[in-house]
Number of protein chains: 2
Amino acid sequence: MKALVYTGVGELTYSDSPAPQARDGEHLIRIEASGICGSDMHAFLGHDERRPAPLILGHEAAGVITGGARDGERVTINPLVACGHCENCTASLENLCSNRQIISMPPRQGAFAGYVSMPGRNLVAVPDGVDLRHAALAEPIACGWHAVRLGKRILGKDLSDMRCAVIGGGAIGVGAALALHAQGARDITVIEPNELRRARLADVAGFEVCAPGEPAAPENGSVDLVIDGVGYAGTRAAASAMARAGGVIAHIGLGEATGGLDIRRMTLQEITFIGTYTYTAQDFADTAAAIFDGRLGPLDWIETRPLADGQAAFTDIRAGNVAAPKIILIPEHEE
Amino acid sequence: MKALVYTGVGELTYSDSPAPQARDGEHLIRIEASGICGSDMHAFLGHDERRPAPLILGHEAAGVITGGARDGERVTINPLVACGHCENCTASLENLCSNRQIISMPPRQGAFAGYVSMPGRNLVAVPDGVDLRHAALAEPIACGWHAVRLGKRILGKDLSDMRCAVIGGGAIGVGAALALHAQGARDITVIEPNELRRARLADVAGFEVCAPGEPAAPENGSVDLVIDGVGYAGTRAAASAMARAGGVIAHIGLGEATGGLDIRRMTLQEITFIGTYTYTAQDFADTAAAIFDGRLGPLDWIETRPLADGQAAFTDIRAGNVAAPKIILIPEHEE
């Protein structure tokens, strides 16, 4: 099969690679769509010690099961492989499984490739008529879906009564905004500094878009639920200023390890910060269902490119030249 | 009346001061016991811009109502004066009242004095037989009571199943540990660097005491609920290392405004940080009730000194020479 292999800092090589076999009890999936995530970009830039070269990146994928009892089934892939036995798995907190694996981190190769092997419980069936490129968005949107659910639980009120802000207009931010809308929020602002991307998002239904510091941006101290989909010191500083007394910051990003939060203000104003990591199996299934029945909108804000052009896609994203919040790479399969 | 007036950085002056009159609709309380808080120490050191000299500090007080319909009633004072009308007050979140006042911050003088004026709704009656020096502990312990309640709510499990750690063995930390015990926790460790204080706390029932880094200290990644009763970058770093996946940090201290949290770990392990500020009126009443009926133990870990010796008490605390987690100052009243 062809694969896009991360071979060193800033370098992706499109090359022949041995196709995987289905592991014991797993299925082989022929990949039809595989999105580029911010964490793939971190790895590409050499900033993620969990993803050393050489490695096939990519963990937002959908495809078709090849062989076995479910041969031919169209599926979207939950890339998080949990053990199913530990205390957290037993509590349906698979995302906190202490033995968790994810494709695109050793020992599992990623989905910028022709095929991956995955356990059956990680595969959610995609109805006929749903585009697999849209089904591949279940993974990034599930991160926002999960963050929204945790934030809502702590706030203890209906989202319809709340002012919500999302920092970052990439797929994590857009997914979080769409998840907010699908879960009932009506006052949602996405804050995005890149003008090209703002223009692209302006006509996506369900939320407003503005630049940081614009008059349309939420005032400091006014927001019930802030979702930081970026995770740098600067975005956390903005989040802790924006939250109202008693408000919640749900933090998805892994940009910088420390700094930014105004902890004095958070203490005096009882602001809660929730670290959120990926999604539970239920969140993933709920997000996929919301994609399938249209609650997350037409999902027409993606851009698709051939997997063979992966290096250029990474370089363009890095340069800020991509308007779409998500590029989906499409592998070519020989007949 | 005599009062201990903060007159400049590092300087408290015991001097004659005009006794206050009861404000409209308020009561005059003759102070019988008034504890020294860490925030009084911040002000004394010139680190609290909310408390400019000259000012009477002190906000942990109990005494006897003088004059009016409740003349002679023994009371402990909730020092937080909320407006009662705003959105947060209406939701019983008086601690987040946007118009809140507290004695020891302008425009209200503090309780290191013979008398203060307070609204009747801030005064909780103390039963006969309860020492007013113990009743004065309702304020600092209510801070811990509130933090425990918020942490328990987010964890969503019984405290009896949880490992709990409290950073700091001052009155906030000890109060939080006793509040944890009173609310059902059984695995509680207080971490305190001062050896003198550790020795003093060793025989207080309800929790273990250890130094940071001792083998008896909780292992990193093992604690369900960490209460930071100090609030410096170093204690927050310890808290974010100690919390288990899915755990909660309840943060009471106001030591340093920023820094310390390992946000990358908190994100990957879904650790929640709650800023907690003081207590609601209900928390204060619940804490007072727990003092009165003995659920918080004999409260014999306090030290009392005359108000006239206030400057020396502050200096001794600052030098680390005080074993007791709380010094309570006792005003002298002329007959």
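The values are calculated or read from the model by the stated rules, or taken from the named source; none is laboratory data. Source: prediction; values computed, not measured. Neighbour counts are summed over all protein chains in view; Cβ atoms, including those assigned to glycine, are modelled from backbone coordinates with ideal geometry.
Taking A:CYS89 and the conditions (1) within 22 Å of A:ASP286 (Cα to Cα); (2) out of contact with any Cys (no Cβ under 7 Å at 6 or more places or on another chain); (3) surrounded by 15 or more Cβ atoms within 10 Å (Cβ to Cβ), which numbered condition does it fall short on, given that it satisfies the others?
Evaluating A:CYS89 over (1) within 22 Å of A:ASP286 (Cα to Cα); (2) out of contact with any Cys (no Cβ under 7 Å at 6 or more places or on another chain); (3) surrounded by 15 or more Cβ atoms within 10 Å (Cβ to Cβ) leaves (2) as the failure.
Go through (1) surrounded by 23 or more Cβ atoms within 10 Å (Cβ to Cβ); (2) modelled with pLDDT of 95 or more; (3) within 14 Å of another protein chain (Cβ to nearest Cβ) and name the single condition B:GLY310 misses.
Only one criterion is unmet by B:GLY310, namely (3).
Just one of A:ARG295, A:ARG305, A:ARG318 is of a type in the set (Lys, Arg), touching a helix residue (DSSP H, G or I) at 6+ places or on another chain (Cβ under 9 Å) and within 30 Å of A:VAL248 (Cβ to Cβ); which is it?
Checking each option against the conditions leaves just A:ARG295.
Just wondering, is there one or more residues in the stretch B:300-321 that are outside any helix (DSSP H, G or I) and either within 30 Å of B:GLU87 (Cα to Cα) or polar (S, T, N, Q) (or both)?
Yes: the stretch B:300-321 contains one or more residues that are outside any helix (DSSP H, G or I) and either within 30 Å of B:GLU87 (Cα to Cα) or polar (S, T, N, Q) (or both).
Which count do you get for residues in the stretch A:272-299 that are farther than 17 Å from A:VAL148 by Cβ and either within 14 Å of chain B (Cβ to nearest Cβ) or free of Cβ contacts under 8 Å to residues at least 24 places away in the same chain (or both)?
Residues in the stretch A:272-299 being farther than 17 Å from A:VAL148 by Cβ and either within 14 Å of chain B (Cβ to nearest Cβ) or free of Cβ contacts under 8 Å to residues at least 24 places away in the same chain (or both): 3 in total.
From A:LEU159, A:LEU155, grab the single residue that is in contact with a strand residue (DSSP E or B) (Cβ under 9 Å, 6 or more places away or on another chain), within 19 Å of A:ALA239 (Cα to Cα) and modelled with pLDDT under 95.
A:LEU155
Quick one: which residue in B:SER117, B:SER104 is within 17 Å of B:TYR277 (Cα to Cα) and in the same structural domain as B:GLY72 (by TED's automatic domain parsing)?
The unique qualifying residue is B:SER104.
Taking the stretch A:228-269 as the region of interest, how many residues are facing chain B (nearest Cβ under 10 Å), surrounded by 24 or more Cβ atoms within 10 Å (Cβ to Cβ) and not in a strand (DSSP E or B)?
8
Determine whether the stretch A:154-165 contains at least one residue that is within 13 Å of another protein chain (Cβ to nearest Cβ), among the hydroxyl-bearing types (Ser, Thr, Tyr) and not in a loop (DSSP other than H, G, I, E, B).
Scanning the stretch A:154-165 turns up no residue that is within 13 Å of another protein chain (Cβ to nearest Cβ), among the hydroxyl-bearing types (Ser, Thr, Tyr) and not in a loop (DSSP other than H, G, I, E, B).
Is it the case that some residue within the stretch B:3-22 is modelled with pLDDT of 95 or more, closer than 17 Å to B:ILE330 by Cα and touching an Asp or Glu at 6+ places or on another chain (Cβ under 7 Å)?
No: zero hits.
Yes/no matrix, rows are residues, columns are (1) touching a Gly at 6+ places or on another chain (Cβ under 9 Å); (2) closer than 16 Å to A:PRO306 by Cα; (3) surrounded by fewer than 16 Cβ atoms within 10 Å (Cβ to Cβ):
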{"position": "A:SER17", "(1), (2), (3)": "yes, no, no"}
{"position": "A:ARG23", "(1), (2), (3)": "no, no, yes"}
{"position": "A:SER34", "(1), (2), (3)": "yes, yes, no"}
{"position": "A:ASP40", "(1), (2), (3)": "yes, no, no"}
{"position": "A:GLU49", "(1), (2), (3)": "no, no, yes"}
{"position": "A:HIS59", "(1), (2), (3)": "yes, no, no"}
{"position": "A:ALA69", "(1), (2), (3)": "yes, no, yes"}
{"position": "A:GLY72", "(1), (2), (3)": "no, no, yes"}
{"position": "A:VAL75", "(1), (2), (3)": "yes, no, no"}
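Considering only residues that are in a loop (DSSP other than H, G, I, E, B) and touching a residue at least 24 places away in the same chain (Cβ under 8 Å), which ones fall in the stretch B:196-215?
Once the filter is applied, which keeps residues that are in a loop (DSSP other than H, G, I, E, B) and touching a residue at least 24 places away in the same chain (Cβ under 8 Å), the stretch B:196-215 yields B:VAL204, B:ALA205, B:GLY206, B:PHE207, B:PRO212.
Criterion first (surrounded by 22 or more Cβ atoms within 10 Å (Cβ to Cβ) and in contact with a helix residue (DSSP H, G or I) (Cβ under 9 Å, 6 or more places away or on another chain)) does A:VAL204 satisfy it?
Considered against the rule, which asks whether it is surrounded by 22 or more Cβ atoms within 10 Å (Cβ to Cβ) and in contact with a helix residue (DSSP H, G or I) (Cβ under 9 Å, 6 or more places away or on another chain), A:VAL204 comes out as no.
Mind listing whichever residues of the stretch A:1-15 are within 27 Å of A:ARG70 (Cα to Cα) and surrounded by fewer than 23 Cβ atoms within 10 Å (Cβ to Cβ)?
Within the stretch A:1-15, A:MET1, A:LYS2 qualify.
With B:PRO127, B:PRO119, B:PRO140 as the choices, which residue is at pLDDT 95 or above and farther than 20 Å from B:THR66 by Cα?
B:PRO140
Table: residues versus (1) without any contact (Cβ under 8 Å) to a residue 60 or more places away in the chain; (2) within 12 Å of another protein chain (Cβ to nearest Cβ); (3) within 21 Å of A:ALA125 (Cα to Cα).
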residue: A:GLU60; (1), (2), (3): no, no, yes
residue: A:ILE65; (1), (2), (3): yes, no, yes
residue: A:GLY72; (1), (2), (3): yes, no, yes
residue: A:ASN78; (1), (2), (3): no, no, yes
residue: A:CYS83; (1), (2), (3): yes, no, no
residue: A:GLU87; (1), (2), (3): yes, yes, no
residue: A:ALA91; (1), (2), (3): yes, yes, no
residue: A:CYS97; (1), (2), (3): yes, yes, no
residue: A:GLN101; (1), (2), (3): yes, no, no
